[in-house]
Structures are given as C-alpha cells and as structure tokens.
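> Pasting a structure below so you can have a look.
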C-alpha cells in the first residue's frame, strides 16, 4: 500500500460505497471487529477531509468504534463481495469473521485494523457522533422504508477525520 493524500484519491465514492461497499473496522491487535457498510460519504468539513458513516447501535463493531475513537474503512473491490456479505450478515460476537472471510488483517502505526486485500484504506478519527432522530426526517417515507419496527434501530451518524489514506 502506498500513502496518498485524501484530496488526491480519484475514486468515485458514490460508486464504491454504494456498489462495491466498504468494511468499517475498529479495535486493536488483541480484539477487533469489522462490518460491511454501504451507506456513507466522503467530503470536507471543519477544514478537514472527512468521512461520514452510519452504524446501527446494536452492531458489535460500533462498540469498538466508540471505545477506540478511530476506525478504518477498507475498500476491497468487487472480487471480495462474499467477504462483505459475511461481514454484513454475521456478528463478530458469534463467529470469527477473519476466519470466515479469509481476509488478512494487519495494523496501522496507530494500531487500527485493516486488510491486505484492500485496494484503498482510510484511517479515521471520530470527530462527531449523533443518533438519527425520527422527527428530523423531512420525508416520512424514508423513515417508514428504512426504519420501521422490522428494519431495526436508527443509525448513529459518525463524522470522522481522514488521518491517513493508502492505495494499491
């Protein structure tokens, strides 16, 4: 992996987040977890390059993100869709996701987990967290579609500074 300035990343994040998906990973060498995310974005806020990701409160990975205050986003590419499906449907409380996916973890200088299979990795520091509020939906149909009783809890929204970026 080669370090790259976030502003020089050429990927279309609408495309890679929405279609390729990403892994949100947090923890340390002793214990970490990862989950698939297909909602989020990349931009510029508070004079910093940032990401925003959405994590439901019941997700195991959220515990690591909240405790550590840092996380990585790994973009594995379409060829790793099977790994994304496992990380998006199984809990690290119940299975060893590394063994189940065959992914190869390593750790950044800051101690955050990422994967050798990733073609693009963003290392991020949480700046702001808020819980989505049902009353803030301007279009109530969105709430009904994505957050009905059957769909689960409202997401927490994380805004995080991109500290480091690497690409193959």
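Bear in mind that the values in this text are calculations on the coordinates, not laboratory data. Bear in mind that the values here come from a model prediction, so they are computed numbers and not experimental data. Glycine gets a Cβ as well: all are built from the backbone with ideal geometry, and neighbour counts include every protein chain shown.
> List, largest first, the extents of the alpha carbons of the stretch 104-152 along their principal axes, each in whole Å.
Computed over the stretch 104-152, the largest-to-smallest principal extents equal 43, 23, 17 Å.
> Between 76, 110, 120, which gets the highest mean-square fluctuation from a Gaussian network model of the chain, Cα cutoff 10 Å?
110
> With N set to the residue count of the chain, report its C-alpha Rg divided by 2.2 N^0.38 Å to two decimal places.
1.00
> Using the 10 angstrom Cβ neighbour count as an exposure proxy, how do 55, 86 rank, fewest first?
In order of increasing Cβ crowding within 10 Å: 86, 55.
> Right, next: Report, in deg cm²/dmol and to the nearest 500, the calculated mean residue ellipticity at 222 nm for the chain, where each DSSP H run with n ≥ 4 adds -39500 (n - 2.57) and the sum is divided by the residue count.
Per the formula, -5000 deg cm²/dmol.
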